[in-house]
Each structure stands twice: as C-alpha cells, then as structure tokens.
Amino acid sequence: MGWLDIVGPIVGVVVMGSVILVTSMLARSALSTESLHAKEEKVWEQLKVQGLRAEADILVLARPSNRLVVWRNGSPSMAAAELRVRYRDEAGVTHEASVKTFIDEELLANFSIGKKVAIVYTDDDPERIAIDRERAQVAFVTL
C-alpha cells in the first residue's frame, strides 16, 4: 500500500467536509436573511388596520451581500432589500427607521434614495414600521 492510497481518501474526506460546511453556511445565511425580510410583511398585516399612515423619505436602499432573490407572493424575482427612511409622525416629530423587506427587482428603482414611500407605523414604537402595501407597490399582482 503506497502513500497515495492513504493520502487520497483523507484529502477526499477533507474536501467533501469543506464543501458540506460551506454549503450549510450559505444556506443558513440565505434562510436567516429571508426570515428577517419576511418579518416586515407580518408587521404590515398587524399595522394595516390600526397603524398610522405617513410618507417617508428614503435615505438609503441597500441589498444584503448575498443578493437574495426568492419566489414570493407569486413573483419569481422578489429581492431582499433594506430601506432607511425618515418620516414625521402626527405630532410632527421626525423619526428614522429601517425596513427590511422584499421588493420585486423590477420595482427597486421606485425605492431609490430621495424618493418617498408610503408607510404605516405605531406611536408606541416609532422604529416599528412597514411599507403600506395599499399605497406602495412592492410586487406585481399575478393573474
């Protein structure tokens, strides 16, 4: 038995283990990013009836480093995005907040810096906001 008969299987196991480790890390990263961005839609569902409405100025539009795009709400190209916005509440107090959400890739230009976006918020927690899907389009409606 030569040294290649011993080293070959060891290298194979190390390479296979590395591939499995990297794949699981990438999958975990994508899943955690997806769950963080899907949470905003749940906030919208909670606030759409009793939340307060406002127009917010978009200060920053960012995409996560993995540039996650998923099939969501009937659209195959929903891109994970994070918006940093500034808005005034009913009392005239200015607040800044971040919104992690999914926006159809073809609609991302509507969410560029300097544009306005309709939001819903609560007085109890000014950082807890969601995009007002009744007044702002984040996805195309499927027929």
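Within the range 47-70, take every residue that is surrounded by fewer than 17 Cβ atoms within 10 Å (Cβ to Cβ) and among the small types (Gly, Ala, Ser) and give me the one that is nearest to residue 117 (Cα to Cα). My answer is 62.
Meeting the requirement of 3 or more residues that are among the hydrophobic types (A, V, I, L, M, F, W, C) and modelled with pLDDT of 85 or more, the strands (runs of 3 or more DSSP E) wholly within the range 1-111 are 52-62, 75-88, 94-104. Apart from one condition, residue 87 fits all of (1) crowded, with 19+ Cβ neighbours inside 10 Å; (2) touching a helix residue (DSSP H, G or I) at 6+ places or on another chain (Cβ under 9 Å); (3) not small (Gly, Ala, Ser); the exception is (2). Residues in the range 112-134 that are modelled with pLDDT of 95 or more and basic (Lys, Arg): 115, 116. Applying the selection to the range 41-100, what residues are more than 14 Å from residue 138 (Cβ to Cβ) and aromatic (Phe, Trp, Tyr)? Listed by number, the residues that qualify are 71, 87. Residue 133 meets all of the listed conditions (1) in a loop (DSSP other than H, G, I, E, B); (2) surrounded by 13 or more Cβ atoms within 10 Å (Cβ to Cβ); (3) of a type in the set (Lys, Arg); (4) free of Cβ contacts under 8 Å to residues at least 40 places away in the same chain but one, namely (4).
The values are calculated or read from the model by the stated rules, or taken from the named source; none is laboratory data. All values reported here derive from a predicted model rather than from experimental measurement. Quick reminder, even Gly has a Cβ in these numbers, built from the backbone with ideal geometry, and neighbours come from all protein chains shown.
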